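Peer 1: Quick one: this structure, given as C-alpha cells, is what I'll be asking you about.
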Amino acid sequence: MKGPGKYVFAFEEGDGKNKMLLGGKGANLCEMTQIGLNVPPGFVITTESCLYYLDSKEHDLPVGLMDEVRSHMSALEQKTGKHFGASDNPLLVSVRSGSAMSMPGMMDTILNLGLNIETLKGLIARTGNERFGWDAYRRFIQLFGKVALGVPDEEFDVEFEAVKQKAGAKQDVALSARDLHEISDRFLDVVERVTGKPFPDDPMEQLEIAVKAVFGSWTGRRAVDYRREFNITPDMANGTAVNVVTMVFGNLGDDCATGVGFTRYPDTGENRLFGEYLVNAQGEDVVAGIRTPKPIDALQEEMPEMYQELLELRNRLESHYREVQDFEFTIENGRFYCLQTRNGKMNAVALVRTSVEMEREGLINKQEALLRIQPALLEQLLFPRLDPSTRATPVARGLPASPGAAVGHAVFDADRAEKQGRDGLRVILVREETKPEDIHGFFASQGILTARGGKTSHAAVVARGMGKPCVAGAEGIHVDVTMRKAFVGDSTISEGDLITIDGTSGDVYIGAVQMIEADFSSELNTLLQWADDVARLKVMANADTPQDADRALKYGAMGIGLCRTERMFNAVDRLPVVVEMIVAETTDARQQALDKLLPIQREDFKGIFKIMAPRPVTIRLLDPPIHEFLPSENQLVEELDQLRHLKDTVMGMNILSDAVRFMYSGQQQPSIDCLIDPRLVEEAVEKKEAMLKKVRALYEVNPMLGHRGVRLGLSFPEIYSMQISAVLEAAAECRKEGFDVQPEIMVPQVCTAQELNRVKSYVDAVHQVVEQKYGVSVNFKFGSMMEVVRACMRAGSLAEEAEFFSFGTNDLTQATFSFSREDAENKFLPMYNERGILQDNPFEVLDIKGVGKLMELAIGWGRETRPGMKVGICGEHGGHPASISFCHAIGLSYVSCSGPRVPVARLAAAHAALLEAQS
Ligand code: PEP
Ligand code: MG
C-alpha cells in the first residue's frame, strides 16, 4: 500500500501549470486564486490519488489522504469562518471532477455536500430562507444519491412529481418550503429503500464517499466513450483530480445570480462578452436548461455593478490566459465569485476569427494563432449550409446553437441514433433536452435538435465542440419519446422522417432542404496565408476536371498533384468512344477511336492548365483495368437475352402487319405498323456479343493486381501515346496563348525502371512531334508513382529516369499490408481496430512504421541518384493531419489531397514546421 505523501493542494499552493497532477480545472482554480481572482476557497486532490484508488484491488484511498483532507477542511473553516458539520453557520462544499483534458459533462459533480438535518437548520437560520435550505437539501440528496450511491434518477423523479402534483405546482419554483421538505423526506426514504442503508449524515463520511465516486467516474461509460472518440490517451490525461470548493449560492434571493460566460462569442468569435445567467438560481439550472436563462447583456440593467465586475473579469482572464475563456460565476448577496475558467471550446469559425483578431490585438503571435487550431477542425468550415434560393418554410425555430446545416432522419433516442448512424443512415438526434449519457448518439448523428435549453445547454456545448450543427430550445416542438414522435403545430415528425436543421439560424424544417457549399472567410484566408508562410511542404490538390481545379484553387491549392484521367473517360459523352476503343479488334480500329478521344482530352487538359497556370499540374496516365469502362458480364448477358426476345417479337409483329394488309386488301385496314427493321436489333445483338466476348477476354480473378497502370500502357501503347499527345499539345496550345504552364506526366503502378524507360521513349517521340508541329518548346516533367513495394526498393534506379516521385499510398498501403483496399474496411478492419490489433485504419491514417518506412527508404535512395528530387504523396493520407506531419518529417516536397481538404493540409503543414522548430 502506498504510504503517506502529498495528495492535496490548497488553491493557494497548487502549481497552476501542472494539469496532469491537478487536472485542468484544479490547476486553473489554483492559478485563478494566485492571480487574485475572487475564487471561493478550496483544495485539489491529485490525479495520482485517483490512479492509486483505481489500481488498488479494494478501491482504497492512499494512506493519509483523508488526514490531509481533514486538515485542509480545517483550513477552509478558518478562511470562511464557517464550520463543516456544525449546525451554526455550516460550511458546505462542492466536489467536482477535473482531468488534464477538458471533458465537459463526462464525469460527476456533487453540490451542497455537508448537509444533514442539523447543518440544514444552521443554513436556514443563517440565510433566513427556509425554502432555500430545503431546496438545497433535496438537491444534495438526489445528486449524492445518484452519483455517489448509484440510485437511479427516475426513483427521485417519481417522488418529486408526486409532490409537485399534490401541491398543484406547474413549475419547480412554485414549490413551497413545506413541499421541498416533504420531497427531502421522500428522497431520504428512496435512498434507504434502494441502497438498504440510511443516507449518510456524517459530513466527513459524505466527503469520503463523494471523493471515491468522482474517482470512479473516470472509468464510467460516458467518460470512457468520450476518451475513445476524442483519442484521449493516458499520456494526455490519466485519472481525474477532485476539487473541493466552498459552496457559494446564487439562489439566496434577488441579489444573487449564477451564470456562465465566454470572453468572446463561441459560435462566431465576435469580440464581445457572451453569456447567460439566471437570478436566484443554482449553477446547474443554467447548464441543464431547466429554466431558460437571460442573455448576459441584461445583467447590465439588472445589476450594473456586477456587470462591471464581469467585464473586468473578462479582461483579466484574457490578458492572463491569452486564450478565450469559458467561465462560471455566481453572485451571492451582491458578491461576485468566479467559480471556474477554462479554454473556451469553440467551433472552427470562432477559432479562426479569434486567432486572427487576437494576433492583431497583440494578445498572441502568429505562431500561437496557427497552433491553437487543430487542422482537422477546418473541415467544419466547409460544411454545407442551406441554399438561400430554396424557399422552404421552417416549422419551428430554436436557438442557433452550433452552426452548419444538416439533413437526416429523425431519431428520438441516443441508442437508436448510434445504431442507425453506424448502419450508414444519416440521422438527426431529436430530444426534449440532452444529457451527458446521450453522448454516443451525438457521435453518430449529423446534427442535434432539442426542444429545451439555452445556448450553453449540454446539447449546445457538446455539439459545438464536435462541430455538429445543433438547434437547441426549439420550444414549438413537443417530443414524445415513448411514441417516437415529435409534434410541431399541426405537423407530426415520426421516427425516420427526414428533417433539416439549420444551426446557424435555429430553423427546423420537415423534409430535406437543398444545401450549398460554404465560403471562405477573409480571416481564414489570412490565417492560411500565415500557414503558407511558415510551412515547408507545398499543398497540391487531387483534381480531375477543370471544375475541380477551379474549386481547388479557391481552397488555396498550389498546383495539382494528381489528375486521374480515367474520370474524364467516364463522362457520359466520352464513354461510348472509350468503349469503342476497348472493343476494337485491330490496332487501326483502336486508333480511330483514340483519334476521336484525343481532342476531347486535349481540351480537358487545356482547361486545367489554364486555371492552374503557372502552378504545376501532374497528369497521371490511364490507371484502372479497362474492363471497368465496360458493363458487367451479368448485365450484358441479361441485355442480350432481352434483345433476342425482342428480335422474335419484332419479326412476329412485322409478319402480322403483312398478314393484315393481305387480309384487308381494298378495304379500310386496322392500323398495324411495321415496328422496326429487325436488322437493327440484329446489329445491336452483334455489338453486345462483341462486348461480352471482350469482357470475357479481359476477365481477371484479381484485376487490382492485374492488367492495369503501366502494364496496360505497355500492352496498348497507342492509348498512352494518345494521352501523352493530348497533354503536350494542350501545353503547346496554352504556351502559344501566353499561359505559363507546368505539365508533369506521371506513370502509375511502376515496379521496374524498364517500364519507365519505355513509356519515356513514347513521351520523347511525341514531344518531338508536338514541338515541331506547334513551333514552341514545351517543358514538362516526367515522373513515377510509387505505389508498388518493388518500386520503393528500386527507387534509386527509377530516379535515373523519373524526375519526381509521388507516393500513391492507397495502393502502397494495400500492397504493404496485403489488405484489399476494396474490402478490408468493410470486412475485418473494424474488428482489428476494436480489438487493438491495429490502432488505426491504415487506409485513413498513414502507417508510419510499415508504409512510412518504405517511403523513407525510397526517398533516401531516390535522392541519392537525383539530389533534391521532388517527392510528394497523392494517396488519401495526403489530407490527414498526422500523416502530413510525418510527410514533413521525412522531407517530402508536397502533399496532394482532395480540394476540400486543402485548407486542412495547409494548416497541418504549418503545424508540422512550427512544432519541429519548437522541439
Ligand atoms: C494511390 O494508390 O494512392 C493513388 C493515389 O491512386 P489511386 O487511388 O487512383 O489508385
Ligand atoms: Mg493507385
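The values are calculated or read from the model by the stated rules, or taken from the named source; none is laboratory data. Everything quoted here is computed from the prediction, not taken from an experiment. Positions of Cβ are generated from backbone atoms using ideal geometry, with glycine treated the same way; all protein chains shown enter the neighbour counts. For accessibility, only protein heavy atoms count, side chains too; no ligands or nucleic acids. Shrake-Rupley method; radii C 1.70, N 1.55, O 1.52, S 1.80 Å.
Peer 1: Which order, highest average first, do 244-252, 661-669, 419-427 follow once you tally other Cβ atoms within 10 Å for each residue and take the mean per peptide? Provide the component values of the computation, followed by the final result.
Peer 2: On the way: 244-252: 23.1, 661-669: 9.1, 419-427: 16.0.
Ranked from most to least packed, the peptides come out as 244-252, 419-427, 661-669.
Peer 1: What pairs from Lys419/Lys468; Lys596/Lys687; Lys25/Lys345; Lys164/Lys212 go past 22 Å between their alpha carbons?
Peer 2: Details: Lys419/Lys468 18 Å; Lys596/Lys687 19 Å; Lys25/Lys345 14 Å; Lys164/Lys212 33 Å.
From Lys419/Lys468; Lys596/Lys687; Lys25/Lys345; Lys164/Lys212, over 22 Å: Lys164/Lys212.
Peer 1: For Arg391 paired with Glu822, estimate the spin-label separation in nm (one decimal), with each label point 7 Å from Cα along the Cα-to-Cβ line.
Peer 2: 4.9 nm
Peer 1: Hand me the chymotrypsin sites (Phe, Trp or Tyr not before Pro) from region 799-890 located in a DSSP loop with no more than 16 other Cβ atoms within 10 Å, in residue order please.
Peer 2: Phe828
Peer 1: Say R0 is 41 Å: what FRET efficiency, to the nearest 0.05, do Glu638 and Gln667 get from their beta-carbon distance? Display every interim value, and only then the final one.
Peer 2: Values: r = 43 Å, r/R0 = 1.06.
Working from the Cβ atoms, E equals 0.40.
Peer 1: Continuing with the same structure: So how far apart, in nm, are the two label points at Arg416 and Gln171 if each is 7 Å from Cα heading toward Cβ?
Peer 2: Computed distance between label sites Arg416 and Gln171 equals 3.2 nm.
Peer 1: At 1.4 Å probe size, with the rest of the protein present, what percent of the exposed accessible area of the chain is carbon and sulfur atoms? Display every interim value, and only then the final one.
Peer 2: Numbers: 19540 of 39370 Å².
Carbon and sulfur: 50 percent of the exposed surface of the chain.
Peer 1: Next up: Which loop trypsin sites (Lys or Arg not before Pro) in region 74-107, with loop taken from DSSP, have no more than 11 other Cβ atoms within 10 angstrom of their Cβ? All intermediate terms of the calculation are to be shown ahead of the outcome.
Peer 2: Values: sites: Lys79, Lys82, Arg96; in loops: Lys82.
Answer in residue order: no site qualifies.
Peer 1: Under a plain spin-label model, where a point goes 7 Å from the Cα along Cα-to-Cβ, how far apart in nm are Glu368 and Asn271?
Peer 2: Each label point lies 7 Å from its Cα, and together they span 1.4 nm.
Peer 1: Ok, one more. Give the angle, between 0 and 90 degrees and rounded to the nearest 10, that separates the Cα long axis of helix 153-167 from the longest principal axis of the Cα atoms of the chain.
Peer 2: Its long axis makes an angle of about 60 degrees.
Peer 1: Could you give the accessible area per residue of the chain, probe 1.4 Å, as a whole number in Å²? Display every interim value, and only then the final one.
Peer 2: On the way: 39370 Å² over 919 residues.
Value returned for the chain: 43 Å² of accessible area per residue.
Peer 1: Continuing with the same structure: Could you tell me the calculated FRET efficiency between Leu598 and Glu682, based on Cβ-Cβ distance and R0 = 51 angstrom, to the nearest 0.05?
Peer 2: On the way: r = 32 Å, r/R0 = 0.63.
Computed FRET efficiency for Leu598 and Glu682: 0.95.
Peer 1: Trypsin sites (Lys or Arg not before Pro), restricted to region 723-815: which are DSSP loop and have at most 15 other Cβ atoms within 10 Å?
Peer 2: Working: sites: Arg735, Lys736, Arg758, Lys760, Lys773, Lys781, Arg790, Arg794; in loops: Arg794.
Those that pass, being in a loop and sparsely packed, number zero.
Peer 1: Right, something else. Setting aside same-chain residues fewer than 8 positions from Lys781, which aspartates and glutamates have a Cα under 16 Å from its Cα?
Peer 2: In chain and number order, the partners are Glu729, Asp740, Glu744, Asp764, Glu771, Glu800, Glu801, Glu803.
Peer 1: Assuming R0 = 45 Å, what is the FRET efficiency of Asp15 and Thr492, from their Cβ-Cβ distance, to the nearest 0.05?
Peer 2: About 0.20, to the nearest 0.05.
Peer 1: Where does helix 130-147 land angle-wise versus the long Cα axis of the chain, in degrees 0 to 90, nearest 10?
Peer 2: The answer is roughly 50 degrees.
Peer 1: Given the -39500 (n - 2.57) contribution per DSSP H run of 4+ residues, what per-residue ellipticity at 222 nm results for the chain, rounded to the nearest 500 deg cm²/dmol? Let's see the in-between values first.
Peer 2: Details: 34 runs with 431 residues, N = 919.
Result for the chain: -15000 deg cm²/dmol, rounded to the nearest 500.
Peer 1: To continue, here is another question. Extension gain Gln768-Gln547, at 0.36 nm per residue separation less the Cα-Cα distance, in nm?
Peer 2: Working: separation 221, 0.36 × 221 = 79.56 nm, distance 3.08 nm.
Separation in residues times 0.36 nm, less the Cα-Cα distance, equals 76.5 nm.
Peer 1: At each listed q (0.05, 0.06, 0.07, 0.08 Å⁻¹), what is the log10 of I(q)/I(0) that the Debye formula gives for the chain modelled as equal alpha-carbon point scatterers?
Peer 2: -0.41, -0.56, -0.72, -0.88
Peer 1: Be a star and scan region 70-89 for residues whose amide nitrogen sits under 20 Å from the point 7 Å along the Cα-to-Cβ vector of Leu149.
Peer 2: Only 85-86 fall inside the zone, counting backbone N under 20 Å.
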